[in-house]
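Undergrad: What follows is a structure written as structure tokens; I'll ask about it next.
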Amino acid sequence: MTTRREREQQVVAEGRVVADFGREFLVEFADRRQVVCSRKGRKQDATCGDFVEVRLVGAAQGSIERVGTRRNILYRSDQWREKTLAANVDQAIILIAPKPAYSPAFLDLSLVACEAAGIPAVIALNKKDLPEHDEALRALEPYARIGYTVISMSAKFDSAPLRPHLEGKLSLLVGQSGMGKSKTVNALVMSDVARVGEMSASLEAGTHTTTFSRLYRLDRDTAIIDTPGFQSFGLFHLTERQVAEAMREFLPHLGACKFNDCSHLAEPGCAVIHAMESGQIRAERLTFYQVLLEQHRELHEKHPDWKR
Ligand SMILES: Nc1nc2c(ncn2[C@@H]2O[C@H](COP(=O)(O)OP(=O)(O)OP(=O)(O)O)[C@@H](O)[C@H]2O)c(=O)[nH]1
Ligand SMILES: [Mg+2]
Ligand SMILES: [Zn+2]
């Protein structure tokens, strides 16, 4: 217990969360000083990128008293629950690689999560040095056609193509484990700040995998957040309409369905299904959306009062 007098002597300062260790957070202040902070109570609702009010206890410890209003936020989810991934970012770089092969469904899911959160997304295909890269790049052409920026790069040998897209922004690196997010951070800051997983050939899995989100500064106005590779995004909070609106190429067709509340699953007079049949929307993307929507429905039926 602290007495009132002690509390009055403690300093309240505003800072930004630059690392989210789960129970503890690293908060950076205007003078670039960083302090490990706890968040009192059961609520662990701070996340990387958050602007926070901190009560400093001595020079090296603090507690987060208040989390500022967020401009945007992304959630990741595992089998059991959703957790915050990062907040207040300017854009997301979705990092994918030909080896280990990225999951196309994870890419589509990342795009939905970003669109729904109002976060511009750039697709970066890493490991350009690998022979499988060119074919993977060709497979991404449909994404460029619907308006996404697609970059080809190698964290190991050439991260330059990514640079101009980062300038003056806070970018969030997202992607499955082993795609090269931490390697990309190290290439950008030109130092081994983030732990890179060495692939174990026998297990086809990485070691030294990243376990928490952390913000790294590239220059005064440019920063990037490395995140752990995760299973899925948390999209529970979205309405069905928001899911459909997060499919960028669906947008021109959404008002034209026969039924106002059309889900674009199998309804007659559906403009989205019609657009797919006439070649304006890729069948793969419509199928992805339909599977996602059905899973979304099931989850809501199973957990009607579920809260984060
Ligand atoms: N050949 C090649 N390998 C790369 C490249 N970038 C990363 N890698 C390798 O890919 C493996 C995974 O890299 P990480 O940076 O740890 O991957 P990550 O996305 O941070 O993975 P998690 O932290 O588990 O989410 C390591 O063995 C890297 O050396 C690249 O451009 N080319
Ligand atoms: Mg990593
Ligand atoms: Zn429809």
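Undergrad: For the cross-link pairs Lys83/Lys302; Lys40/Lys156; Lys83/Lys258, which exceed 31 Å when the distance is taken from alpha carbon to alpha carbon?
TA: Checking Cα-Cα distances, Lys40/Lys156; Lys83/Lys258 exceed 31 Å.
Undergrad: Using only alpha carbon pairs under 8 Å that are at least six residues apart, calculate the relative contact order of the chain and give it in whole percent.
TA: Over the chain, the number comes to 14 percent.
Undergrad: Just to be sure I understand the curve: with the Debye formula and one point per C-alpha of segment 4-67, what is log10 I(q)/I(0) at q = 0.18, 0.28, 0.30 Å⁻¹?
TA: The calculated log intensity ratios at q = 0.18, 0.28, 0.30 Å⁻¹ are -0.55, -1.25, -1.40.
Undergrad: While we're here: Could you check the spin-label model distance between Arg81 and Arg241? Points 7 Å from the Cα along Cα→Cβ, value in nm.
TA: In this crude label model, Arg81 to Arg241 measures out at 3.1 nm.
Undergrad: Continuing with this model, one more query. Can you sort Val67, Val54 by how many other beta carbons sit within 10 Å, fewest first?
TA: Final ranking by Cβ density, sparse to dense: Val67, Val54.
Undergrad: In nm, what is the difference between 0.36 nm times the number of residues separating Gln61 and Asp31 and their Cα-Cα distance?
TA: Between Gln61 and Asp31, full extension yields 9.2 nm more.
Undergrad: Now, a different point. Show that you can apply the helix-only estimate: for the chain, add -39,500 (n - 2.57) for every DSSP H stretch of four or more residues, divide by all residues, and state [θ] at 222 nm to the nearest 500.
TA: Taking each H run of at least 4 residues, the total per residue is -7000 deg cm²/dmol.
Undergrad: On alpha-carbon atoms, Rg over Rh for segment 60-171 using Kirkwood Rh?
TA: Using Cα coordinates only, the ratio equals 1.03.
Undergrad: If we sort 256-263, 93-100 on the protection proxy, mean other Cβ atoms within 10 Å, highest first, what's the order?
TA: Working: 256-263: 13.1, 93-100: 22.2.
Sorting 256-263, 93-100 by mean packing, highest first, produces 93-100, 256-263.
Undergrad: If you take every residue apart from Ala121 with its C-beta less than 10 Å away from the C-beta of Ala121, what net charge results, scoring Lys and Arg +1 and Asp and Glu -1?
TA: 0
Undergrad: Please report Glu240, Glu249 as a ranked list, fewest other C-beta atoms within 10 angstrom at the top and most at the bottom.
TA: Working: Glu240 14, Glu249 19.
Listing Glu240, Glu249 from fewest to most nearby Cβ atoms yields Glu240, Glu249.
Undergrad: Along segment 234-242, what does the Karplus equation 6.51 cos²θ - 1.76 cosθ + 1.60 (θ = phi - 60°) give for ³J(HN,Hα), rounded to whole Hz, x for Gly and Pro?
TA: Taking θ as phi minus 60°, the curve returns x, 10, 4, 6, 7, 7, 4, 5, 5 Hz for segment 234-242.
Undergrad: Could you give the nm distance between label points at Ala283 and Phe259, where each point is 7 Å from its Cα heading toward the beta carbon?
TA: 2.4 nm
Undergrad: Continuing with the same structure: How about Lys169: which lysines have a C-alpha closer than 19 Å to its C-alpha, ignoring those fewer than 8 places off in the same chain?
TA: In chain and number order, the partners are Lys181.
Undergrad: Comparing Gly118, Gly147, Gly22, which has the greatest mean-square fluctuation in the GNM of the chain with Cα pairs linked when under 10 Å apart?
TA: Gly147
Undergrad: For segment 240-302, build the convex hull from the C-alpha positions and give me its volume per residue in Å³.
TA: In segment 240-302, the Cα convex hull volume per residue is 76 Å³.
Undergrad: Give me the percent of DSSP beta bridges within segment 73-233 that run antiparallel, rounded to the nearest 5. Intermediate results must be reported in sequence, preceding the final value.
TA: Working: 15 of 31 bridges.
Just about 50 percent of them are antiparallel.
Undergrad: Same structure again: For segment 150-308, evaluate the Debye formula with one uniform point scatterer on each Cα (no solvent term) and list log10 I(q)/I(0) at q = 0.10, 0.14, 0.16 Å⁻¹, rounded to two decimals.
TA: Summing over Cα pairs of segment 150-308 leads to -0.57, -0.91, -1.00.
Undergrad: Tell me, in nm to one decimal, what length is gained between Glu167 and Lys40 on full extension, where the rule is 0.36 nm per residue of separation less the Cα-Cα distance?
TA: That works out to 42.1 nm of additional length.
Undergrad: From the C-alpha gyration tensor of the chain, pull out the three semi-axes of the equivalent ellipsoid (sqrt of 5λ each), sorted largest to smallest, in whole Å.
TA: Values: eigenvalues 260, 134, 55 Å².
Each semi-axis is the square root of five times an eigenvalue, giving 36, 26, 17 Å.
Undergrad: Now a separate question. What ranking of Thr210, Thr69, Thr239 emerges when the number of other C-beta atoms within 10 Å of each C-beta is taken as an exposure proxy, fewest first?
TA: Numbers: Thr210 21, Thr69 8, Thr239 11.
Ranked by crowding around the Cβ, least crowded first: Thr69, Thr239, Thr210.
A short reminder: the numbers here are calculations on the coordinates, not readings from a lab. These numbers were taken from a predicted model, which means no experiment stands behind them. Ideal geometry is used to build each Cβ from the backbone, glycine not excepted, and the neighbour counts take in all protein chains shown.
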